[in-house]
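Written out below as structure tokens is the structure these notes cover.
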Amino acid sequence: IGDSRNKFKSGISATYDDYNELVNLDVYQRTENSFGAFFEYSYDNLGDLNLTVGLRFDTSNLLGNFLTPRLQARYTPWEDSAIRISIGRGKRSANIFTENQKIFASSRQINILDTSGTIYGLDPEIAWNYGISFSQKFNIFDKKSEIIFDYYRTDFVNQIVVDWENPREVNFYNLKGKSIANSFQAELNMNIFKGFDIRTAYRFYDVK
């Protein structure tokens, strides 16, 4: 748009999925088809700032009509540094049997407690994701090093809960209440000598 600092991408997509699953004596069949279009704008000042803003619209026979926005930015406040931020929304069908195959190695009774939704009787999963990251490259005794700090958070609007609390059952149901996931990581990378690097990290999860 005007020059190489301003760019855009756009496109369309179509998907068709046909599921036929036999679990114990129950047959689960569904057909999902969707049509979507997206627009993405990116700005790069060829220096210290890079920004991408995107919006996607989908219409699905099971998920309905929905928008998926996202934003990503990268800023370089000084030499060999970078600050990155990201915000986005996601919506998807949870394939509860494929994603939890270990339930078939147990003798637990499989129960789906909600039946008003369109995928196994459940509602689609919806979540907002946020993240920020800072990295800095530097030299120690003329050896290349880098330190990175990451923080990411997920807020679920709806989540498919896989409940193992009852030792004889596995229960699937829609989220009742609030669900969040926080992740923090600090990482240090150092070059000790030619051909030998060390990476050490600390990671903390807070999931509720």
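Tabulated data
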read-out	value
Share of carbon and sulfur in the accessible heavy-atom surface of the chain [1.4 Å probe, %]	55 percent
Residue order for Arg168, Arg203 - accessible surface, 1.4 angstrom probe, largest first	Arg168, Arg203
Low-density loop cleavage sites - GluC sites (Glu not before Pro) in segment 57-140, where at most 14 other Cβ are within 10 Å (DSSP)	Glu79
Value of relative contact order over segment 20-73, rounded to a whole percent, pairs C-alpha under 8 Å and six or more apart	29 percent
Positive-pole candidate from Ser145, Leu25, Gly2, dipole of the chain, charges at beta carbon	Ser145
Rounded, prolate or oblate (a/c below 1.5 giving rounded, otherwise prolate when a/b exceeds b/c) for the chain by Cα gyration tensor	oblate
Karplus (6.51, -1.76, 1.60) ³J(HN,Hα), θ = phi - 60°, over segment 155-169, in Hz, Gly and Pro reported as x	10, 8, 7, 9, 9, 7, 8, 9, 9, 9, 4, 7, x, 9, 9
In Å², nearest 10: area of Ile147 left accessible to a 1.4 Å probe	50 Å²
Accessible heavy-atom area order of Tyr205, Tyr151, highest first, probe of 1.4 Å	Tyr205, Tyr151
Accessible area of Phe184 in the full protein assembly, 1.4 Å probe (Å², nearest 10)	70 Å²
Residue-normalised accessible area of the chain, expressed per residue, 1.4 Å probe, Å²	65 Å²
Accessible area (Å², 1.4 Å probe, nearest 10) - Ile87	80 Å²
3J(HN,Hα) from dihedral phi, segment 172-178, Karplus parametrisation 6.51/-1.76/1.60, rounded to Hz, x for glycine, proline	10, 7, 6, 4, 10, x, 10
Positive-end residue of Asn171, Ile119, Gln72, charge dipole of the chain with Cβ unit charges	Gln72
J(HN,Hα) series, segment 137-151, from Karplus relation 6.51 cos²θ - 1.76 cosθ + 1.60, nearest Hz, glycine and proline x	9, 7, 10, 10, 6, 6, 10, 5, 9, 8, 10, 9, 10, 10, 9
The chain - percent relative contact order, Cα under 8 Å, separation 6 or more	13 percent
Mean Cα-pair separation over length for segment 152-195, i.e. relative contact order, pairs under 8 Å, 6 or more apart, %	41 percent
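The values are calculated or read from the model by the stated rules, or taken from the named source; none is laboratory data. Every value quoted in this text rests on a predicted model; they were computed, and no experiment measured them. Cβ: placed from backbone, ideal geometry, glycine included. Neighbour counts: every protein chain shown. Accessible surface is based on the protein model in full, side chains and every heavy atom, while ligands, DNA and RNA are left aside. Shrake-Rupley method; radii C 1.70, N 1.55, O 1.52, S 1.80 Å.
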